[in-house]
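Remarks on the structure that follows.
The values are calculated or read from the model by the stated rules, or taken from the named source; none is laboratory data. These numbers come from a predicted model, not from an experiment. Cβ placement follows ideal geometry from the backbone for every residue including glycine, while neighbour counts extend to all protein chains displayed.
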Amino acid sequence: MISPQQEYIIAKGGRGGRGNVHFKSSTNRSPRYAEWGEIGDEKSIVLDLSLLLDVAILGAPNSGKSLLLNKLTNAQAEVDIYPYTTKSLVPGVLKNDPPLVLGEIPSFRDTQENLKYAKHFQRARVFVLVLDVSSAESAQWLLDIINRYSLKNILIVFNKVDLVSSEEFIKEFLSELIELTGHQPPYVKTSAESGEGIVELKQALYNLYAMPIAHVFEVSKDNKFLEEFQLPLVIKLESGDFEIKSHEIEKSLSSINIDTRRGIQLLQKKIRDSGLEKLLIKKGIKPYDRVKIGDTWFTYLADE
Ligand SMILES: Nc1nc2c(ncn2[C@@H]2O[C@H](COP(=O)(O)OP(=O)(O)OP(=O)(O)O)[C@@H](O)[C@H]2O)c(=O)[nH]1
Ligand SMILES: [Mg+2]
């Protein structure tokens, strides 16, 4: 769910049962048969809220992400000389036209942590990737991330240029990046400490933000989630009995009145029409074998 008022069906309500009028025919003018209403879908759903960032700031531990965020926005991220100072996502707003929501993604130590934060940054529009030009590890860390997530719309920030002469570092990193991705993204040189390059960083950020986005996340409209849930299945149980797992058939079972002969016939027809009988035969069912559907047991009787 990525926009206000968006709707998404995760559980469908059951269809109402048809009354006996529906079963009237020339031979049966007052049928005693009527359907029950179908049961609706039932599911346990865990919803997870993720912050939608315009700009995600990623980079190796201690590269200067927090200090840069503080310089660009109203955020007050903790800045320290130790790596892994930032332990949860820190957002901040860059008040400009348009205002942008930036967020520092904590540097993750392992895949587990990585996945925890990925949901926050994967849908960002722009990725600011921060490097500490005095640290070779920070370059390796970043190349790994770019590769792993195939990040697009990236802006490279060579930070801490006040500490060392950075030309060699920049040249080497860019050539490795071109080798990896095939092209060179825009970059700026900054010192979050002195403020050098911050104006240029803002400008580059807005330039990139104004470009058409190369990756668009779309909620699938075909409701794959429901389809997967409804795939029918025939299972041969260890006891030698069979089980039909089909949302469709289980739903019918709740509406068909199986205490009547007509109800049983209808159920049989549904099982045959849905191709499940063929599946049962394929799995080796024989007459008088037992079949479980939902919580109900039936005896399989092949047509003469
Ligand atoms: N000299 C210099 N020091 C910097 C610069 N940017 C950041 N620092 C220092 O580098 C250290 C780390 O800065 P942070 O902003 O906390 O870095 P970070 O990437 O957020 O670090 P973690 O959250 O721990 O991953 C701090 O001591 C900063 O003062 C810079 O441009 N020049
Ligand atoms: Mg930090």
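Scan the stretch 67-76 residue by residue and report those that are away from ligand 2 (no atom under 11 Å from the Cβ) and outside any loop (DSSP other than H, G, I, E, B).
Scanning the stretch 67-76 gives LYS71, LEU72.
For the stretch 82-94, enumerate the residues that are buried (at least 16 other Cβ atoms within 10 Å of the Cβ), more than 8 Å from ligand 2 (Cβ to nearest atom) and under 11 Å from ILE105 (Cα atoms).
Hits for the stretch 82-94 are LEU89, PRO91.
Inspect the stretch 133-141 for any residue being within 22 Å of LEU51 (Cβ to Cβ), surrounded by 19 or more Cβ atoms within 10 Å (Cβ to Cβ), in the same structural domain as LEU205 (by TED's automatic domain parsing) and more than 10 Å from ligand 1 (Cβ to nearest atom) and give the result as yes or no.
Scanning the stretch 133-141 turns up no residue that is within 22 Å of LEU51 (Cβ to Cβ), surrounded by 19 or more Cβ atoms within 10 Å (Cβ to Cβ), in the same structural domain as LEU205 (by TED's automatic domain parsing) and more than 10 Å from ligand 1 (Cβ to nearest atom).
Report yes if VAL79 is within 27 Å of the chain's Cα centre (by Cα) and either within 13 Å of ligand 2 (Cβ to nearest atom) or part of a loop (DSSP other than H, G, I, E, B) (or both), otherwise no.
Considered against the rule, which asks whether it is within 27 Å of the chain's Cα centre (by Cα) and either within 13 Å of ligand 2 (Cβ to nearest atom) or part of a loop (DSSP other than H, G, I, E, B) (or both), VAL79 comes out as no.
What do you reckon, is ILE57 in contact with a helix residue (DSSP H, G or I) (Cβ under 6 Å, 6 or more places away or on another chain), in contact (Cβ under 8 Å) with a residue 12 or more places away in the chain and either not in a loop (DSSP other than H, G, I, E, B) or not hydrophobic (A, V, I, L, M, F, W, C) (or both)?
It is true that ILE57 is in contact with a helix residue (DSSP H, G or I) (Cβ under 6 Å, 6 or more places away or on another chain), in contact (Cβ under 8 Å) with a residue 12 or more places away in the chain and either not in a loop (DSSP other than H, G, I, E, B) or not hydrophobic (A, V, I, L, M, F, W, C) (or both).
Do any residues in the stretch 1-24 that are of a type in the set (Val, Ile, Thr) and modelled with pLDDT of 75 or more have Cβ atoms under 7 Å from those of residues that are part of a loop (DSSP other than H, G, I, E, B) and exposed (fewer than 11 other Cβ atoms within 10 Å of the Cβ), where the two are at least six apart or on different chains, and which pairs are they?
Pairs found: ILE10/LYS43; ILE10/ILE45.
Do we have LEU68 as touching a residue at least 40 places away in the same chain (Cβ under 8 Å), crowded, with 16+ Cβ neighbours inside 10 Å, under 17 Å from SER194 (Cα atoms) and not aromatic (Phe, Trp, Tyr) here?
Considered against the rule, which asks whether it is touching a residue at least 40 places away in the same chain (Cβ under 8 Å), crowded, with 16+ Cβ neighbours inside 10 Å, under 17 Å from SER194 (Cα atoms) and not aromatic (Phe, Trp, Tyr), LEU68 comes out as yes.
Would you confirm whether or not the stretch 31-40 contains a residue that is crowded, with 20+ Cβ neighbours inside 10 Å and within 16 Å of ligand 1 (Cβ to nearest atom)?
No; the residues of the stretch 31-40 include none that is crowded, with 20+ Cβ neighbours inside 10 Å and within 16 Å of ligand 1 (Cβ to nearest atom).
Looking for something more than 16 Å from ligand 2 (Cβ to nearest atom), more than 28 Å from the chain's Cα centre (by Cα) and either on the phi < 0 side of the Ramachandran plot or not in a strand (DSSP E or B) (or both) - is there at least one such residue anywhere in the stretch 107-123?
No; the residues of the stretch 107-123 include none that is more than 16 Å from ligand 2 (Cβ to nearest atom), more than 28 Å from the chain's Cα centre (by Cα) and either on the phi < 0 side of the Ramachandran plot or not in a strand (DSSP E or B) (or both).
So which residues in the stretch 88-105 are modelled with pLDDT of 90 or more and either within 11 Å of ligand 1 (Cβ to nearest atom) or not in a loop (DSSP other than H, G, I, E, B) (or both)?
Hits for the stretch 88-105 are VAL90, PRO91, GLY92, VAL93, LEU94, LEU100, VAL101, LEU102, GLY103, GLU104, ILE105.
For residues in the stretch 145-167 being among the β-branched types (Val, Ile, Thr) and surrounded by 15 or more Cβ atoms within 10 Å (Cβ to Cβ), which is nearest to ILE81 (Cα to Cα)?
Per the stated criteria, the residue is VAL161.
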